[in-house]
1. If we scan segment 144-152, do we find a residue that is within 16 Å of ligand 1 (Cβ to nearest atom) and either modelled with pLDDT under 95 or in contact with a Ser or Thr (Cβ under 6 Å, 6 or more places away or on another chain) (or both)?
2. Check segment 290-313 and report whether any residue there is more than 19 Å from the chain's Cα centre (by Cα), within 23 Å of Pro206 (Cβ to Cβ) and part of a loop (DSSP other than H, G, I, E, B).
3. Quick check on my filter: what residues within segment 306-328 are surrounded by fewer than 17 Cβ atoms within 10 Å (Cβ to Cβ) and without any contact (Cβ under 8 Å) to a residue 60 or more places away in the chain?
4. When you scan segment 124-140, do you find a residue that is in contact (Cβ under 8 Å) with a residue 40 or more places away in the chain, within 15 Å of ligand 1 (Cβ to nearest atom) and over 22 Å from Asp219 (Cβ atoms), even just one?
5. Considering only segment 260-282, I want to know if a residue exists there that is within 13 Å of ligand 1 (Cβ to nearest atom), in the same structural domain as Gly184 (by TED's automatic domain parsing) and in contact with a Ser or Thr (Cβ under 7 Å, 6 or more places away or on another chain).
6. With (1) more than 18 Å from Val348 (Cβ to Cβ); (2) surrounded by fewer than 24 Cβ atoms within 10 Å (Cβ to Cβ) as the list, and Cys132 as the residue in question, which single condition is left unmet?
7. Of the residues Ser31, Ser66, which is surrounded by fewer than 20 Cβ atoms within 10 Å (Cβ to Cβ) and of a type in the set (S, T, N, Q)?
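The values are calculated or read from the model by the stated rules, or taken from the named source; none is laboratory data. Computed from a predicted model, the values in this text were never measured in an experiment. All Cβ positions, even for glycine, are placed from backbone atoms using ideal geometry, and neighbour counts span all protein chains on display. All accessible areas refer to the heavy atoms of the entire protein, side chains included, with ligands and DNA or RNA removed. Shrake-Rupley method; radii C 1.70, N 1.55, O 1.52, S 1.80 Å.
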Amino acid sequence: MIVLGIETSCDETAAAVVRNGCDTLSNVVFSQAARHAPFGGVVPDIAARCHVETLPDVIEHAVRESGVEWDALDTVAATYGPGLSSSLLIGVSAAKGLALRLGKPFCAINHLHAHLYSPFMSAGPAAFERACPFVALIVSGGHTVLVHVSGLGRYRVLGRTLDDAAGEALDKAAMLLGLGYPGGPVVQRAGEGGDARRIRFPRARPGADNPFLKGLRADCSFSFSGLKTALLYYMKEHPFANEADRADRLPSIAASYQEAVVAALVDRCDRALGPDATALACGGGVSLNARLRAALTGLARKKSVPLYLAEPAYCGDNAAMVAALAGVGQGRRGPETMDLDANPVLDVSEF
Ligand code: KG4
Ligand code: ZN
């Protein structure tokens, strides 16, 4: 089963060819980060225009690099949600058009399900099933969600962020500190050598009576909006006096802030890992974070469960995880899928 996957849900324009859900033959990602950097976040109009400009080349490149002939592709898959509506539409339309032209089926993939599969990209679907039941943390610029996974396609949301995603919290902090965009990597770099215990930023957890929980577990849910406000007030009260002062204090501020994000993520994973879960998995752009990877490794050791971390190439948005998931029979397919629209608010519980 050879699948061409397309991913345009946010600001990465990506295409990949994957065989049998684990053999990545090509994985091309064009990051638009530089185009959005001046604005400190993704600008939907710019993202959509950029996808239109680059997607044809990215697809060509992915197919050429894979060494697979167009005719040998079995399926064309694309992320159809969640994400930015105008961005999703471009990938979905391209995939439908290609599928028609090649006479192959189109398969529509839930982006969150692709992230759930991403820690098993090299090991494959049998390893995914063997790891079940497990708790998965998807943590990116747009999503922070904890899911109980009992099999491929068998997902139960335990909790999620009620406001900002963890990556968004890092992106906003980076903007406040004048570090650039995307925030995760620059906050990590700025915090190197800093004292993560210098400033105690809040580690907020939604209360059990929070009406936005809508049946989800409070102890598996997140709230990051207070964290950036805490940083804002901290910087108002303790502004940098000069460049030397900035050079002196910035590492500890960045490290302390990152620590608050990581501590919240790890605490909720700890609470989610009950007797009905025998492993922990993590994927999404923020799972690139070295401190988070180390802290999750520590948690897994404490709980005596195996840890499955997405490999760096599959952490951020990529099309290989989309192609892989379609290649193991997941996703929506069949003639009616050709009429399926992009769904910007698609939930983990939906297919
Ligand atoms: O998965 P992704 O590429 O796109 C979304 O679906 O959002 O994740 C992007 C997010 C950004 O917020 C970025 O700041 C964060 O991942 N990120 C990191 C690191 N690298 C990227 N966060 C923490 N540490 C990193 N090293
Ligand atoms: Zn993503």
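1. Yes: segment 144-152 contains one or more residues that are within 16 Å of ligand 1 (Cβ to nearest atom) and either modelled with pLDDT under 95 or in contact with a Ser or Thr (Cβ under 6 Å, 6 or more places away or on another chain) (or both).
2. No, the conditions are met nowhere in segment 290-313.
3. If the condition is that a residue be surrounded by fewer than 17 Cβ atoms within 10 Å (Cβ to Cβ) and without any contact (Cβ under 8 Å) to a residue 60 or more places away in the chain, then Pro312 is the only one that fits.
4. So far as segment 124-140 goes, no, none of its residues is in contact (Cβ under 8 Å) with a residue 40 or more places away in the chain, within 15 Å of ligand 1 (Cβ to nearest atom) and over 22 Å from Asp219 (Cβ atoms).
5. no
6. (1)
7. Values: Ser66 fails: surrounded by fewer than 20 Cβ atoms within 10 Å (Cβ to Cβ).
The match here is Ser31.
Residue-wise test of (1) surrounded by fewer than 20 Cβ atoms within 10 Å (Cβ to Cβ); (2) within 16 Å of ligand 2 (Cβ to nearest atom); (3) closer than 19 Å to Gly91 by Cα.
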site: Val286; (1), (2), (3): no, yes, no
site: Gln330; (1), (2), (3): no, no, yes
site: Gly334; (1), (2), (3): yes, no, yes
site: Leu340; (1), (2), (3): yes, no, yes
